[in-house]
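The structure appears right after this line, and notes come after that.
Quick note: the coordinates plus some simple rules give every number you see, no bench work behind them. Quick caveat, the model's predicted, so the values are computed rather than measured. Glycine gets a Cβ as well: all are built from the backbone with ideal geometry, and neighbour counts include every protein chain shown.
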Amino acid sequence: MNTMSMRRMIGAGWKNFARGGAVSVATVVIMTVTLGIISSLIFLSALLSFTLDFVRDQVDISVSFVTTASEHDILALKSKIELLPQVKSVTYTTREQVLADFRAFHATDQTILQGLEQLGDNPFGAYLGIKAKDPSQYESISSTLETTPALSAGGASIIDRINYKQNKITIDNLSKAIAVTRSGGLIIVILFALASVMIALATVQLAIYTAKDEIGVMRLVGASNAYIRGPFIVAGVITGILATLAVLIALFPIAWYIGTKTAGLLNGFNIFSYYTSHFFIILIILLVSGVCLGGLASILAIRRYLKV
Amino acid sequence: MIYFDKVSKHYGETKAVEEVTLSVAPKEFVSIVGHSGAGKTTLLRLLLAEEKPTGGSVFFESINVNDLPLSSLHHYRRKIGTVFQDFKLIPNKTAYENIAFAMEAAGRTDAEIASDVPYILELVNLADKAHNFPNQLSGGEQQRIAIGRAIINQPEVVVADEPTGNLDPINTFEVVEILKKINELGTTVIITTHNKGVVEAIGRRVVTMDRGKVVRDDISGKYVL
């Protein structure tokens, strides 16, 4: 294929598209809807990831210490735990902070505060909050903690309790829910993508069906298959580009409106902020999808009419 | 130049063409006549390799047309200019672009196109309609554009399937005159028709078909059914 043929095919493709009238407009509209679905999947996927991260962040193992445990022993244990490969972070909360938090939480409940005063001494022990890199790793962290003796200088255990056992069922369920949501989300994404591709294919096929006689004539006047196919592919690519631009422009007001209405409900996830901060990657995904869909649909649709 | 060797074409039980043997020499003007369903159009479709024969072979010069692969058919078809009863112009191209398309498809340069297309438009007397789309042209004008497209690449043969079938007498006369002129310039012309006036205006070889068979072949024939 030489430059002259390429130039002619691009020119003819553009003319075909421009002169296609209602058929071209309808194809762009359907392609816009298809890319709109793909873009909503991008946002859904981002929202899912954000929510999963948020939920994950709520899970931890908390190790409570006896009131007699010294800060030195606790910090030594903290350093040991931080070295575990499954551990993402360890936070230390002192006895005094626990007491202050308790007082603040029950600031309006005089009965409890009076009961606390009567005890005289701080009844709370310090604790360590441990976060794992992955929810599935809490089990192994808990096992490691149980088999690692944390003793004071006097030889007594400084750990009062590890609350993983108590939260084990919740953590397990959450881990399973995350796994199911991930695979379920993937299946939904694939189904939507397939449906979108089929809609786009059917539309482009319909547009090319209207030109099937024309394709036959081109064959009879001596045009090669490549020369006939070229302009249709170019028109498909133009459709994809225009649909991408339409979706990108339409997403600004839509994402802004949805963002302002839902940011409070989605644990701080703002769809508009996500769109503006990921604009170029979304542009590339939509452009590649649009161009490939338009071009590929044209190739598949025209194939059957070239056997004359 | 063209040789049909015992060519048959069957569609199920229907025998559209049956054991036709026919040769056409260079620069001949052959009119193929017959009732509807006599097999005239099928014979042309076999020559254009739109159909494969059920039996026999079609030769163009030394090429067995039936042996051509789909991927090289376009090279063969560039040797033949084709005119149809329903014109078959490309609807979203102007008169100029319809003619130019055949040159572009054959890989001719922009300079050749810019020089030859206006000349052909003059020849078919449609220079003033160069930028009209087919739906802005009358039937006669569309057929003249189709003839222009058929001859633009100076093919060795022009095949016209009922070229005057949709035209009034005046346009019919003009089309026949153009085809005669093309033949006088050295191009072989094969037309199918039922129009007695057309055959007699041409006054050249007439091949008569009936029920898929050649029943008469007169060198300077008249329309006899």
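At R0 = 51 Å, how high is the FRET efficiency between A:I281 and A:F102 if r is their beta carbon distance? Nearest 0.05 is fine.
About 0.65, to the nearest 0.05.
Radius of gyration and Dmax for the range B:144-205's Cα atoms, expressed in Å?
Looking at the range B:144-205, its Cα Rg and Dmax stand at 10.8, 30 Å.
Among bridges DSSP assigns within the range B:108-225, what percent are antiparallel (round to 5)?
50
For a footprinting-style exposure proxy, rank B:D217, A:D101 by other Cβ within 10 Å, fewest first.
Placing the least packed residue first, the sequence is A:D101, B:D217.
How do A:V288, B:V20 line up, fewest other C-beta atoms within 10 Å first?
With the sparsest Cβ surroundings first, the list reads A:V288, B:V20.
Ratio to report: Rg/Rh of the range A:36-141, with Cα atoms as the point set and Rh obtained by the Kirkwood method; give two decimals.
Rounded to two decimals, Rg over Rh is 1.16.
What ranking of B:M209, B:M103, B:M1 emerges when the number of other C-beta atoms within 10 Å of each C-beta is taken as an exposure proxy, fewest first?
By the 10 Å Cβ count, ascending: B:M1, B:M103, B:M209.
Based on the alpha carbons, how large is the Rg to Rh ratio for chain A when Rh follows Kirkwood?
1.26
Determine, from the Cβ-Cβ distance of B:T109 and A:Y257 and an R0 of 45 Å, the FRET efficiency 1/(1 + (r/R0)^6), rounded to the nearest 0.05.
0.25
Near B:T109, within a Cβ-to-Cβ distance under 15 Å, what is the net charge of the other residues, with Lys and Arg +1 and Asp and Glu -1?
Here the count lands on -1.
Computed FRET efficiency, Cβ-Cβ of A:H72 and A:M198, R0 56 Å: what is it to the nearest 0.05?
Step by step, r from the Cβ atoms, then E = 0.25.
Using only atoms on other chains, find how many Cβ atoms lie within 10 Å of each Cβ of peptide A:209-220 and report the average.
Per residue, the number of nearby Cβ atoms from other chains is 5 on average.
Using Cα centres only, tell me the gap between the range B:56-121 and the range A:187-239 in whole Å.
Going from one Cα centre to the other spans 23 Å.
Assuming 0.36 nm per residue, please report the length gained on full extension of the stretch A:M6 to A:S49 beyond their Cα-Cα distance.
Once the chain is fully extended between A:M6 and A:S49, it gains 11.1 nm.
Could you check the simple spin-label distance between A:Q205 and A:S136, using points 7 Å along Cα→Cβ, in nm with one decimal?
Output for this residue pair reads 4.0 nm.
Expressed in nm to one decimal, what extension gain is obtained for the pair B:S138 and B:D168 from 0.36 nm per residue of sequence separation less their Cα-Cα distance?
Extra length from B:S138 to B:D168 when fully extended: 9.7 nm.
So if each residue of separation counts as 0.36 nm, and I subtract the Cα-Cα distance between A:V29 and A:R161, what length gain in nm does that give?
41.3 nm
Explain nothing, just the number: relative contact order of the range B:93-189, from Cα pairs under 8 Å at least 6 residues apart, as a whole percent.
Value for the range B:93-189: 30 percent.
Taking beta carbons within 10 Å but only from partner chains, what does the mean come to for residues B:102-109?
For peptide B:102-109, the averaged partner shielding equals 5.
Label the protein assembly as shown by shape, choosing from rounded, prolate and oblate, from the square roots a ≥ b ≥ c of the eigenvalues of the Cα gyration tensor; if a/c is under 1.5 it is rounded, and otherwise prolate applies when a/b is larger than b/c, oblate when it is not.
Prolate shape, in that a/c is at least 1.5 and a/b is the bigger ratio.
Using a Cα distance threshold of under 15 Å, what count of lysine pairs results for chain A when pairs must be 8 or more residues apart or interchain?
Lysine pairs, 8 or more places apart or on different chains, close enough: 9.
If contacts are Cα pairs under 8 angstrom and at least 6 residues apart, what is the relative contact order of chain A in percent?
30
In whole Å, how far is the Cα centre of the range A:76-140 from that of the range A:254-291?
For the range A:76-140 versus the range A:254-291, the Cα centre distance is 38 Å.
Summing -39500 (n - 2.57) over the DSSP H runs of n ≥ 4 in chain B and dividing by its residue number, what mean residue ellipticity at 222 nm do you reach, to the nearest 500 deg cm²/dmol?
Per the formula, -10000 deg cm²/dmol.
Of the beta bridges DSSP finds with both residues in chain B, what % are antiparallel, to the nearest 5?
Close to 50 percent.
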